[in-house]
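The values are calculated or read from the model by the stated rules, or taken from the named source; none is laboratory data. Note that the structure is a prediction, hence the values are computed from the model and not measured. Methodologically, a virtual Cβ is constructed for each residue, glycine included, from the backbone with ideal geometry; neighbour enumeration extends over all protein chains shown.
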Amino acid sequence: MKLAAIDIGLKRIGVAVSPDGKVVFPQDAILRKNRNQAARDVDAFLEAWGVEKLVVGIPRGGSSEAEMSRRIEHFVSLLDFSGEILYQDEYGSSAEAKARMQGVVRQKRDGKIDSIAAQIILERYLL
């Protein structure tokens with residue numbers, strides 16, 4: 001089964017795929033100009049990879065949990081995806097992604113960290 005994960009941010013959406021449910025590969029992040037464009041780009045990504053299950057990072061705990069969860073769930077509702085959608089706690093995934101990329105990433109706004117965070121979210125789901 002082909003799986004993907006997304007880490008939804010206000011400026012970028014990190015994406016990662018697992019073609020076999022074992023190994024996870026980060027992909028180029030999707031730049032977010034507005035919700036509708038970002039949803040179309042995510043849909044195109046999911047279709048191009050033939051994804052059957054989508055894992056969405058969602059924050060658990062913290063002061064802004066309710067607001068961020070509402071925004072993420074609204075974004076997911078804009079997707080035209082017919083496969084299964086699951087939510088996975090993303091707590092600490094961005095910090096872990098930054099630690100993994102320490103000394104490697106020079107351009108911090110290129111989305112690599114966002115997609116590594118999506119990779120971590122999908123790896124957590126697969127554990």
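Here are a few things to note about the model shown:
- Every pair of residues 6+ apart whose Cβ atoms lie under 6 Å, when the first sits in the stretch 6-25 and is farther than 17 Å from Ser69 by Cα while the second is of a type in the set (Asp, Glu) and part of a loop (DSSP other than H, G, I, E, B): none
- When each of Asp89, Asp110 is tested for being within 22 Å of Leu127 (Cβ to Cβ), out of contact with any helix residue (DSSP H, G or I) (no Cβ under 7 Å at 6 or more places or on another chain) and modelled with pLDDT under 95, the lone residue that passes is Asp89.
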